[in-house]
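Asker: I'd like to ask you about the structure that follows.
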Amino acid sequence: MWDFFIMKIEKLTQNHWEEVAKIYQDGIDTKNATFRTQVPTWKDWNGAHHLHSRFVALENNKVVGWCAVSPVSKREAYKGVAEVSVYISLQSLRKGLGNMLLEILITTSEENEIWTLYSSLFPENRGSVKLHKKNGFRKIGIREKIAKQDGVWRDTVLYERRSKKYN
C-alpha cells in the first residue's frame with residue numbers, strides 16, 4: 001500500500017481556528033512551548049498578532065501546524081520587531097513542517113518591514129531551539145527563573161534573527 005501526503009501552506013484565517021487552537025492546546029499541555037495555561041479566543045489571538053505572516057501547514061487538508069508573528073511593542077521605534085510563534089501538532093513532529101513554516105514566515109515578515117524576529121524558548125524544547133538556529137536565529141540571552149509554571153521556576157532563552165535586508 002502507498003501513502004501519499006499532500007502538504008500545503010496557506011494563510012491562517014478564522015476558518016482554521018478550531019484546528020489551530022487544538023494544536024496550541026497540545027503545546028500548552030507539553031509544558032515546553034509556552035507559559036500560557038489556556039488557548040486565547042480567536043478575537044484575542046487575532047488582535048494580538050500581525051495580519052501578515054500567519055500561516056497554517058495542511059496535510060491532506062488537515063491543519064498540522066501554524067505560525068504567526070506578534071508585535072513586541074506599540075512604540076513606533078519597535079514597529080519592525082516581532083515575536084515568532086511556531087506550533088506543530090504532536091503527531092506531525094520531525095517532518096520538516098516547522099522549517100517550512102518558519103522559512104515562509106521569515107520571507108513574508110521581511111516583505112512587511114519586520115527587521116528583527118525574536119523568540120523566547122524553553123531550553124528544554126530542543127526541537128524548537130534547533131529549528132530557530134537552523135533558520136539564522138542567534139542566542140542573545142537567558143532569562144533565569146523568569147516565571148513559574150506549576151509552582152516551578154522556569155528559564156527561557158532568547159533568540160533573535162536580524163534581517164539582512166535591513167542592515
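The values are calculated or read from the model by the stated rules, or taken from the named source; none is laboratory data. All figures in this text were calculated on a predicted structure; none of them were measured in a lab. Counting neighbours? That spans all protein chains shown, and the Cβs are built from the backbone with ideal geometry, glycine included. For accessibility, only protein heavy atoms count, side chains too; no ligands or nucleic acids. Shrake-Rupley method; radii C 1.70, N 1.55, O 1.52, S 1.80 Å.
Asker: Could you go through region 154-165 and let me know if any residue there is at pLDDT below 95 and farther than 21 Å from I88 by Cβ.
Answerer: yes
Asker: If a residue has to be over 21 Å from K31 (Cα atoms), open to solvent by less than 80 Å² (accessible area, probe 1.4 Å) and either outside any helix (DSSP H, G or I) or of a type in the set (D, E, K, R) (or both) to count, how many in region 157-167 make the cut?
Answerer: 3
Asker: Let me ask you something else. Being out of contact with any helix residue (DSSP H, G or I) (no Cβ under 8 Å at 6 or more places or on another chain) and either closer than 23 Å to I28 by Cβ or modelled with pLDDT of 95 or more (or both) is the filter here; which residues of region 83-99 pass it?
Answerer: Listed by number, the residues that qualify are E83, S85, Q91, S92, K95, L97.
Asker: Within region 76-90, count every residue that is crowded, with 16+ Cβ neighbours inside 10 Å and over 21 Å from E110 (Cα atoms).
Answerer: Count: 2.
Asker: Could you count how many residues in region 108-146 are under 21 Å from K74 (Cβ atoms) and surrounded by fewer than 12 Cβ atoms within 10 Å (Cβ to Cβ)?
Answerer: Residues that pass the stated criteria total 0.
Asker: Examine region 2-10 for a residue that is closer than 26 Å to D150 by Cβ, of a type in the set (V, I, T) and open to solvent by 60 Å² or more (accessible area, probe 1.4 Å), and state whether such a residue exists.
Answerer: No, region 2-10 has no match at all.
Asker: Is at least one residue of region 91-106 open to solvent by 30 Å² or more (accessible area, probe 1.4 Å) and part of a strand (DSSP E or B)?
Answerer: Within region 91-106, not a single residue is open to solvent by 30 Å² or more (accessible area, probe 1.4 Å) and part of a strand (DSSP E or B).
Asker: Output the residue which, of all residues in region 28-45 that are assigned to a loop (DSSP other than H, G, I, E, B) and hydroxyl-bearing (S, T, Y), is surrounded by the fewest Cβ atoms within 10 Å (Cβ to Cβ).
Answerer: Taking the candidates together, the pick is T37.
Asker: Name every residue in region 147-156 that is hydrophobic (A, V, I, L, M, F, W, C) and either farther than 28 Å from Q38 by Cβ or surrounded by 10 or more Cβ atoms within 10 Å (Cβ to Cβ) (or both), in order of residue number.
Answerer: Matches in region 147-156: A147, W153.
Asker: Also, quick follow-up: Give me the pairs: first residue in region 46-75 and open to solvent by 20 Å² or more (accessible area, probe 1.4 Å), second residue modelled with pLDDT under 95 and not β-branched (V, I, T), beta-carbon distance under 7 Å, and six or more apart or on different chains, which are they?
Answerer: As it stands, the answer is E59/F5; E59/M7; E59/S92; N60/F5, since those pairs meet every condition given.
Asker: Here's another thing I want to ask about it. For region 54-76, indicate whether the set of residues that are part of a helix (DSSP H, G or I) and at pLDDT 95 or above is non-empty.
Answerer: Within region 54-76 (the criterion being part of a helix (DSSP H, G or I) and at pLDDT 95 or above), the answer is yes, since at least one residue qualifies.
Asker: Considering only region 114-156, state which residues are free of Cβ contacts under 8 Å to residues at least 40 places away in the same chain, within 19 Å of the chain's Cα centre (by Cα) and either in a loop (DSSP other than H, G, I, E, B) or within 20 Å of D29 (Cα to Cα) (or both).
Answerer: S120, L121, P123, R126, G127, V129, N135, G136, F137, D155, T156, listed by residue number.
Asker: Sticking with this one: Sort out which residues of region 30-50 are among the polar types (S, T, N, Q) and touching a Gly at 6+ places or on another chain (Cβ under 7 Å), and write them in order of number.
Answerer: T34
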